[in-house]
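Throughout, read-outs are computed from the coordinates displayed, never taken from laboratory work. A quick note: this is a predicted structure, and the numbers were derived from the prediction, not measured. Because the Cβ atoms are built from the backbone with ideal geometry, glycine has one as well, and the counts that use them run over all protein chains shown.
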Amino acid sequence: MIRILFLGDVVGKSGCAKLKSDLIKQKEIKKIDFVIVNGENADNSGVGLTKEICEELFNSGVDVITTGNHVWDQKNLMEFIDKEKRLLRPKNLFEPAPGKGFEIFEVDKNFKIGVLNLMGNVFMKKCENVFETSKKFIDQHELKKHYDFLIVDFHGEITSEKNAMGHYFDGKATLVVGTHTHIPTNDTRILENGTAYQTDAGMCGDYDSVIGMNKKNSLNRFMKKNSNKHFPATGDATLCGVIVDCNIETGLALKVENYIFGKHLKNT
Ligand SMILES: [Fe+2]
């Protein structure tokens, strides 16, 4: 059995610090073999990420970083992504784009984990039709043939699009999990044909906030009062995501559970 932890969007210094202080220990306690995080809000500003932050996340115990609509918000990432195989951007960005949206990684026990990063089309930046991109991908790839397990990060705004994508990959991926909204959903389950699913993983950030951003400033923005650009909240972060136990024979999910660790949220 291989156990994979997928963590939702890391937000600012608070999210990075929590990973640095707790992830390696959590991996030991939970017997985690492989960790994927969405890192597209990990910069101090809350948007994008840098080469230095990627390196910090890898040193904190992260194996692969996925991204989304903010992938290019910090300038040096475009150069770095071509050199760093463990950093992905959404596969359905308009080409040509730097980097890759899919990669296969090997874990200790000689298993291959495919990680596919996708971005939704509804209320998101313009990109290729995500269902067409997914169809092409599914036509060319197969569980236990091209990789042992497949993890799909679907970075999207709306629940219906993510829900549909879960069913589209059902039986063809080990886990389909949503990112981007920063709020974890309570629909963690294994779908009819064996794919683990959760509509949104939540974030790794300070939940005493508005989706990771300073709450006072965000409220002022909604109220059209004096406000600054959004900036992250800096209190203690909670790590949010999904742990999936993978079936070595089939590549599908044996078990999946919501993972929440930190101050403001409880896993009930
Ligand atoms: Fe996003």
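Normalised by the residues of the chain, what does the relative contact order come to in percent, with Cα pairs under 8 Å and at least six apart? Don't skip to the end; give the middle numbers.
Details: 681 pairs, mean separation 53.4, N = 268.
Relative contact order, the chain: 20 percent.
Name the trypsin sites (Lys or Arg not before Pro) in segment 15-71 that are in a loop by DSSP and that have at most 12 other C-beta atoms within 10 Å, would you?
Working: sites: Lys18, Lys20, Lys25, Lys27, Lys30, Lys31, Lys51; in loops: Lys31.
Qualifying residues, ordered by number: Lys31.
Using just the helices of the chain, give the 222 nm mean residue ellipticity in deg cm²/dmol: DSSP H runs with n ≥ 4 each add -39,500 (n - 2.57), and the total is spread over all residues, rounded to 500.
-7000 deg cm²/dmol
Indicate, rounded to the nearest 5 percent, the antiparallel portion of the DSSP beta bridges found entirely in the chain.
On the way: 26 of 53 bridges.
The answer is about 50 percent antiparallel.
Compute, for the chain, the length of the dipole vector about the Cα centre, with Cβ point charges of +1 (Lys, Arg) and -1 (Asp, Glu) only. Units Debye, rounded to 20.
The dipole magnitude comes to about 660 debye.
Helix 159-168 against the longest principal axis of the chain: what's the angle in degrees, Cα atoms only, rounded to the nearest 10?
10
How far apart, in nm, are the 7 Å Cα→Cβ label points at Ile183 and Asn110?
In this crude label model, Ile183 to Asn110 measures out at 4.7 nm.
Could you check the spin-label model distance between His264 and Asp139? Points 7 Å from the Cα along Cα→Cβ, value in nm.
4.4
Residue farthest toward the positive end of the dipole of the chain, with Cβ of Lys/Arg at +1 and Asp/Glu at -1: which of Gly114, Ile2, Thr50?
Farthest towards the positive end: Thr50.
So if R0 is 41 Å, what FRET efficiency would Asn59 and Lys225 give, r being the distance between their Cβ atoms, rounded to the nearest 0.05?
0.55
Which of Phe137, Phe6, Phe169 comes first, and how do the rest follow, when ranked by fewest Cβ neighbours within 10 Å?
Going from least to most buried by this count: Phe137, Phe169, Phe6.
Using alpha carbon centroids, what distance separates segment 250-268 and segment 21-48, in Å?
14
Suppose we keep just the DSSP beta bridges with both residues in segment 11-124; what percent of those would be antiparallel, to 5? Walk me through the numbers on the way to the answer.
On the way: 6 of 11 bridges.
Bridges in segment 11-124 are about 55 percent antiparallel.
Quick check: residue separation of Arg86 and Lys31 times 0.36 nm, minus the Cα distance between them. What number comes out in nm?
Gain on extension, Arg86 to Lys31, equals 17.7 nm.
What longest range of the chain stays clear of loop-exposed GluC sites (Glu not before Pro) (DSSP non-H/G/I/E/B, at most 10 other C-beta within 10 angstrom)?
Result, exposed sites excluded: 1-191.
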